[in-house]
Amino acid sequence: MTKNKNKQGKSQEGITVKKGENFSEWYTQILQKAELIEYTSVSGAYIIRPRAYFIWERVKEFFDEKIKKDGVRNAMFPLFIPKSNLMKEQEHVEGFTPEVAWVTQSGNSELKEPLAIRPTSETIFYPAYSKWIRSHRDLPLRINQWCNVVRWEFKNPMPFIRAREFLWQEGHSVFENREEASNEIGKIRSYYSDIYKEMFALPVIEGKKTEKEKFAGADYSLTNEVILPNGKAAQGATSHLLGQSFAKAFDISYMDKNEEKQYPWQTSWGISTRSIGIAILMHSDDKGLVLSPRIAETQIVIVPIFKKGSEKEIQDKAKEVKEKLGEKGFRVVIDNREEYSPGYKFNDWEMKGVPLRVEIGPKDLEKDQTVLVRRDNSEKQEVKIKEIHNSVANTLEDIHDSLYKNAEKVLEEKIVKTKDMEETIKAIENNKIVKACWDGKQESEDWIKEKTGGAKILCISDDGSPGEKDSCVYSGNPAKYVVYIGKSY
């Protein structure tokens with residue numbers, strides 16, 4: 001790759017590997033060179049830098065508004081969970097024990113009871129719920145928190161995608177009956193799909209996890225799956241119907257209208273900073289980061305192109321344009337760095353993922369215009385300054401829509417239908433996601449994973465059931481479900 005140079009001739013490299021050749025190294029370079037994360041001395045623990053944290057703030061604002069309008073309230077629960085709490089729901093604790101980090105000592109003193117650093121918060125929410133819920137009048141109870149969690153047990157961390165500490169929201173709702181709880185998680189899943197579409201410009205597959213893949217302790221789990229250009233899937237968000245098992249374990253009960261004791265039905269649901277990594281992996285290219293303008297910290301960079309004798313006029317015009325756009329709510333910066341050439345600045349801001357560049361040079365000054373350059377496809381457009389607001393607004397919206405359409409195309413191209421294991425194995429080897437039929441038996445699910453070298457049933461499809469003559473892709477038995485199969489992060 002050509003090296004950029006500043007005026008002193010100092011070498012400045014952009015992304016040095018291609019997305020299609022070394023996906024992992026390409027991703028690592030983007031995270032660092034676009035100033036999204038910084039590594040620390042703790043493996044799997046990363047600093048989320050302002051440019052990336054802004055994305056999370058946008059997600060938080062979008063989702064928070066939705067759930068609050070729907071009646072959910074925010075709270076904050078402790079980071080530490082007593083071991084005795086964590087052990088109350090057996091299936092849940094067995095699912096999370098390998099991932100739990102423990103605090104066992106304070107100073108030089110051993111704690112009387114070890115404290116888990118929350119991997120998820122069911123077991124710290126629900127002792128409180130058992131105090132707050134006494135009557136049917138206390139239901140529904142719907143509380144969300146925005147927090148960090150720690151999950152320790154894995155060998156190969158990947159920033160955002162698989163980190164030992166990450167940010168998320170987790171909602172915990174309690175209802176009188178199963179139908180209300182089921183409706184809740186369906187609605188929340190649709191909100192998550194909205195986040196991916198409206199914020200990240202990403203389509204998702206909505207489905208249901210298998211018994212093997214569901215959340216530990218849940219009756220069932222719903223999921224939003226994203227298919228990436230390398231042929232892998234990423235679980236984007238999940239919503240769980242917990243049933244009554246946690247209520248019984250934590251003695252959450254209420255008196256119904258007939259003054260009879262009942263156990264309520266519960267849900268939990270969450271989306272995390274993994275969503276940021278998913279968007280980066282999908283949209284970014286060999287030049288660097290690509291983001292939807294809706295989540296970019298800087299939407300527009302103005303680059304003045306100076307000619308000796310016209311510096312002040314061009315600078316004044318750049319400030320005028322910045323003010324015009326800033327007044328309309330756009331996030332704009334001017335790149336006034338004197339030590340770098342315009343070409344270096346172009347490459348630098350492209351690498352950092354700014355969706356739109358505004359160039360103003362001597363010729364543009366004469367015509368009272370600017371040149372708009374899109375980050376997603378490099379298209380250029382000459383725009384009169386008096387028309388710049390409408391042009392910028394329309395262009396930024398079109399960038400978001402174009403990114404979504406491109407991601408839809410990836411989704412369509414990566415999914416193939418298969419009828420037997422030979423076709424399935426070949427498709428997985430070719431980095432595809434398989435849509436096939438399954439008999440619903442865990443034995444078949446296990447063998448599918450074994451035969452494909454690690455591909456698993458990502459989810460049971462929401463968009464159709466098998467026909468009467470359809471058979472399981474592995475066993476040949478009558479099919480019960482249509483499923484998506486693939487390798488995943």
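Quick note: the coordinates plus some simple rules give every number you see, no bench work behind them. Here the structure is a predicted model, which is why all the values come from computation and not from measurement. Here the Cβ positions follow ideal geometry from the backbone for every residue, glycine too, while neighbour counts run over all protein chains shown.
Brief remarks follow.
- Amide H partners (placed H, <5 Å) of Met158, local residues excluded: Ala163
- Each of Tyr192, Val434, His400 was placed along the dipole of the chain (beta-carbon charges, centred on the mean Cα), and the one lying farthest toward the positive end is His400.
- When each of the peptides 284-294, 79-89, 477-487 is scored by the mean number of other C-beta atoms lying within 10 Å of its residues, the order from highest to lowest reads 284-294, 477-487, 79-89.
- Within the range 350-420: Cβ-based charge dipole about Cα centre, in debye rounded to nearest 20 (Lys, Arg +1; Asp, Glu -1): 160 debye
- Summing charges over neighbours of Asp251, with a neighbour being any other residue whose Cβ is under 13 Å away from its Cβ, gives +4 when K and R count +1 and D and E count -1.
- Of all DSSP-defined beta bridges confined to the chain, some 85% are antiparallel rather than parallel.
- Within the range 414-485: Cβ-based charge dipole about Cα centre, in debye rounded to nearest 20 (Lys, Arg +1; Asp, Glu -1): 220 debye
- For the set Lys60/Lys248; Lys232/Lys480; Lys83/Lys451; Lys308/Lys345; Lys308/Lys367; Lys60/Lys257, the pairs lying more than 30 angstrom apart at their alpha carbons are Lys60/Lys248; Lys83/Lys451; Lys60/Lys257.
- Across the alpha-carbon atoms of the chain, the computed radius of gyration and Dmax are 25.8, 87 angstrom.
- Of the residues Phe306, Ala247, Val290, the one whose Cα sits farthest towards the positive end of the charge dipole of the range 245-337 is Phe306 (charges of +1 on Lys and Arg Cβ, -1 on Asp and Glu Cβ, taken about the Cα centre).
- FRET E, pair Ser190, Asn336, Förster distance 60 Å, beta-carbon r, rounded to 0.05: 0.85
- Order by protection proxy (mean Cβ within 10 Å, highest first), peptides 415-428, 224-237: 224-237, 415-428
- For the range 414-439 and the range 85-135, distance of Cα centres in Å: 41 Å
- Residue (of Val333, Gln235, Trp447) at the positive-pole extreme of the chain, dipole from beta-carbon charges: Val333
- Computed per residue of the chain from DSSP H runs no shorter than four, each worth -39500 (n - 2.57), the mean residue ellipticity at 222 nm is -10500 deg cm²/dmol.
- Estimated dipole of the chain in Debye, rounded to 20 [Cβ of Lys and Arg +1, of Asp and Glu -1, Cα centre]: 1100 debye
- Thr104 sits among other residues whose Cβ lies under 15 Å from its own Cβ, and their net charge, with Lys and Arg +1 and Asp and Glu -1, is 0.
- Within the shell defined by Cβ-Cβ distances under 12 Å, the residues around Ser135 carry a net charge of -1, with Lys and Arg each +1 and Asp and Glu each -1.
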